[in-house]
Amino acid sequence: MTLVLSHSILCRAEPWQIFSIIARPEEWPALFEPCLAVDVLQRAEGVERIAVTASVNGQPHTWQSRRLVDHAALRIDAEMTAPFALVAEMHTKWRIYGVGKRTSLLVLEHDCELVPSVKGLVTGVETPAEAHIWVKTAIDTNSTIELENIRHHAERLSVPKRDGSGPYGSTHTAICEAPAHLVFPFISQPSHWPRIFKACLAVETLPSNDEWQLVRVHADQDGGIASWTTRRKVDADALIVDYQLVEPMPFTAAMSGRWRIVPIDQNRCLLAVDRSWSVADPVAPLREDITNVEEAAAFVARFVGTNARHEMEVITAIANDHAAAPLFVETSIDLPVSADEIYLALANAAAWPDFAPHCRSLKVSFDDGVYQEMRFEIETPSGARETFRSFRVCDRINRRISFVQIEPPQTLEHHHGLWSVETTPTGSRVTCRHFVTPKRAALAEYTGRFTQSEQDEALRQMIETNGRVIIDACAAHIRASLKEPAA
């Protein structure tokens, strides 16, 4: 069984500062919480062999690795020559990418092959599925802690506190499993934005010249409509878009930044955006709850951060699926129930007919706790019945369920996607992303709509409605089981 994992973290430090930490394994026990001991067995001309003892899922384990340390390229490739329990082979890559001024992205990747026979090697692990979860949990946990440790030590100079109007800044990054040339249009062509970003209501392209684009953006800003005009310079060769807000967004005096795509290899790239801004002083009387510079600064930072994260998630999701469907649909719902409870309700599809009003029947043909195959029939809001067959992969650790409809409904050529559940201060947020390829003739007959834009809107509404129905039904079922009245 193969396991491929990638973890990354953004550090306010130069690439060489980060590399100096990962290139000196003898110092790891003092820096990395999971690391208990390191013995450098051999080191010569960029090649070293090390023995590492670390806490793995709460127990000490020892392994040996051969590392190729490239000081010029600031990269390390490692191979376990004597792996720890349950692992047959493991290859590890450390990569560092400069992103903006004094900011770097550190990426740690693992490619692991598990042993074919796992019984008796680790207490409580008896099956390949349990071994998969055990190793994945170990890598996820240790990688997350180690990356945080590295960031802490690399950021030797604390970020200065900002008071008053600024300046302020942020950097957001994401790794796309797609070639750079396929990702660049999402940032270079604003016409894409209303179709894929929920907060973007409309985009107007104003008279421009060969050097600069002039674009007016209308967006949902915390329940209100905000507009601003941005001047953008697109460098397609360098895969960079620089921008300045000619007309600032509410509560800001100025804002500028840079989008960039950094190719990692032929099939992957780094997407990054830097933003810097200052807050207007005095504060315009636009909202009753924002009366001073500090409140305005917090509002702008929250708006920029929330939108940036969503932009990264959506572009990454679509780019990662570049070979598939032309229509992308995303639904997010906040719920007053715990993330673990709602994940379990979504994962237990066999129980849906008991409480989901649109689910008429559901037959599970296979379910081992990770992989599921099922056939179910739903009733659409129009009263029509649809039957389809799905295959799902459940990741309880990360509360994610990926799915593909092996036999989609009659209106679709392909349909697959991902459920994800995250914890929020008030409970949980469920997000479902769908990638669909419509059958145009069947969709026209089914909806009575004949233009592509009308069909896409009808299909988007149907998918969002079905997603909300099952999410709301799961939440209501959880509240009922806890004997709490539904809201």
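What are the aspartates and glutamates whose alpha-carbon lies under 16 Å from the alpha-carbon of Lys198, with same-chain residues fewer than 8 places away excluded?
In chain and number order, the partners are Asp220, Asp222, Glu311, Glu313, Glu330, Asp334, Asp456, Glu457, Glu464.
Accessible area of the chain with a 1.4 Å probe: how many percent of it is carbon plus sulfur?
That share works out to 52 percent.
To the nearest 20 debye, what is the magnitude of the charge dipole of the range 283-390 about its Cα centre, counting +1 on the Cβ of each Lys and Arg and -1 on the Cβ of each Asp and Glu?
380
Please calculate the 1.4 Å probe accessible area of Glu27, with all protein chains present, and give it to the nearest 10 Å².
Surface open to solvent at Glu27 totals about 80 Å².
Can you give me the relative contact order of the chain as a percent, contacts being Cα pairs under 8 Å and 6 or more apart?
Once normalised by length, the contact order is 10 percent.
Across the chain, how large is the tail of the calculated P(r) beyond 43 Å, expressed as a percent of all Cα pairs?
Value for the chain (Cα pairs over 43 Å): 24 percent.
Is it possible to state the helix-based mean residue ellipticity at 222 nm for the chain, with each DSSP H run of 4+ residues giving -39500 (n - 2.57), the sum divided by total residues, to the nearest 500 deg cm²/dmol? What is it?
Helix-only estimate at 222 nm: -8500 deg cm²/dmol.
Could you tell me the ratio Rg/Rh of the range 268-320? Both radii from Cα atoms, Rh via Kirkwood.
On the way: Rg = 15.0 Å, Rh = 13.1 Å.
Ratio value, two decimals: 1.14.
Hey, if you put +1 on the Cβ of every Lys and Arg and -1 on every Asp and Glu Cβ in the chain, which of Trp212, Gly257, Thr451 ends up farthest toward the positive end of that dipole?
Towards the positive end, the residue furthest out is Trp212.
Figure the gain on full extension for Asn57 and Asn209 (residue separation times 0.36 nm, minus the Cα-Cα span) and round it to one decimal in nm.
So the chain would gain 48.9 nm between Asn57 and Asn209.
Using the Cα centre of the chain as the reference point, and only Cβ charges (+1 on K/R, -1 on D/E), how large is the resulting charge dipole? Debye, rounded to the nearest 20.
Using only the charged Cβ atoms, the result is roughly 200 debye.
For the range 290-449, how big is the tail of P(r) above 28 Å, as a whole percent of Cα pairs?
Of all Cα-Cα distances in the range 290-449, 32 percent exceed 28 Å.
Defining a contact as two alpha carbons under 8 Å apart and six or more residues distant in sequence, what relative contact order in percent does the range 181-328 show?
16
Work from the charge dipole of the range 1-77 (Cβ charges, +1 for Lys and Arg, -1 for Asp and Glu, about the Cα centre) and give the residue of Gln59, Trp16, Val38 farthest towards its positive end.
Gln59
Hey, if you put +1 on the Cβ of every Lys and Arg and -1 on every Asp and Glu Cβ in the range 409-487, which of Thr411, Val469, Gly427 ends up farthest toward the positive end of that dipole?
Farthest towards the positive end: Gly427.
Taking only C-alpha pairs under 8 Å that are 6+ residues apart, what is the relative contact order of the range 25-149 in percent?
17
With +1 assigned to the C-beta of every Lys and Arg and -1 to the C-beta of every Asp and Glu, and no other charges, what is the dipole magnitude of the range 256-317 about the Cα centre in debye, to the nearest 20?
340
Would you mind estimating how fast the range 228-306 diffuses translationally, via Stokes-Einstein at 4 °C and 1.567 mPa s with the Kirkwood radius over Cα pairs, in µm²/s?
It comes out at roughly 91 µm²/s.
Whole-Hz Karplus ³J(HN,Hα) for the range 170-175, in order, using 6.51 cos²θ - 1.76 cosθ + 1.60 and θ = phi - 60°, x for Gly and Pro?
Karplus-based 3J(HN,Hα) across the range 170-175 equals 8, 9, 10, 9, 7, 9 Hz.
Restricted to Cα positions, what overall size does the range 212-254 have along the principal axes? Three whole-Å values, descending.
38, 19, 13
So who's got an amide H within less than 5 Å of the one on Thr103, skipping anything under 5 residues away but keeping other chains? H placed 1.01 Å off N, in plane.
Ala13
If you stretched the chain out fully between Val115 and Ala129, how much longer would it get, using 0.36 nm times the residue separation minus the C-alpha to C-alpha distance?
Details: separation 14, 0.36 × 14 = 5.04 nm, distance 1.19 nm.
Stretched fully, the Val115-Ala129 segment lengthens by 3.9 nm.
Could you give P(r) for the range 22-118, binned at 5 Å from zero, as whole percent values over all Cα-Cα pairs?
Percent of pairs per bin, in order: 3, 12, 19, 25, 21, 11, 7, 2, 0, 0.
Taking only protein heavy atoms and a 1.4 Å probe, what accessible area per residue, in Å², does the range 37-173 have with all protein chains in place?
52
The values are calculated or read from the model by the stated rules, or taken from the named source; none is laboratory data. Nothing here was measured: the structure is a model prediction, and the numbers come from that model. Note that we place each Cβ from the backbone using ideal geometry, even for glycine, and neighbour counts take in every protein chain shown. Side chains are part of the model used for accessible areas, which takes the heavy atoms of the whole protein and leaves out ligands, DNA and RNA. Shrake-Rupley method; radii C 1.70, N 1.55, O 1.52, S 1.80 Å.
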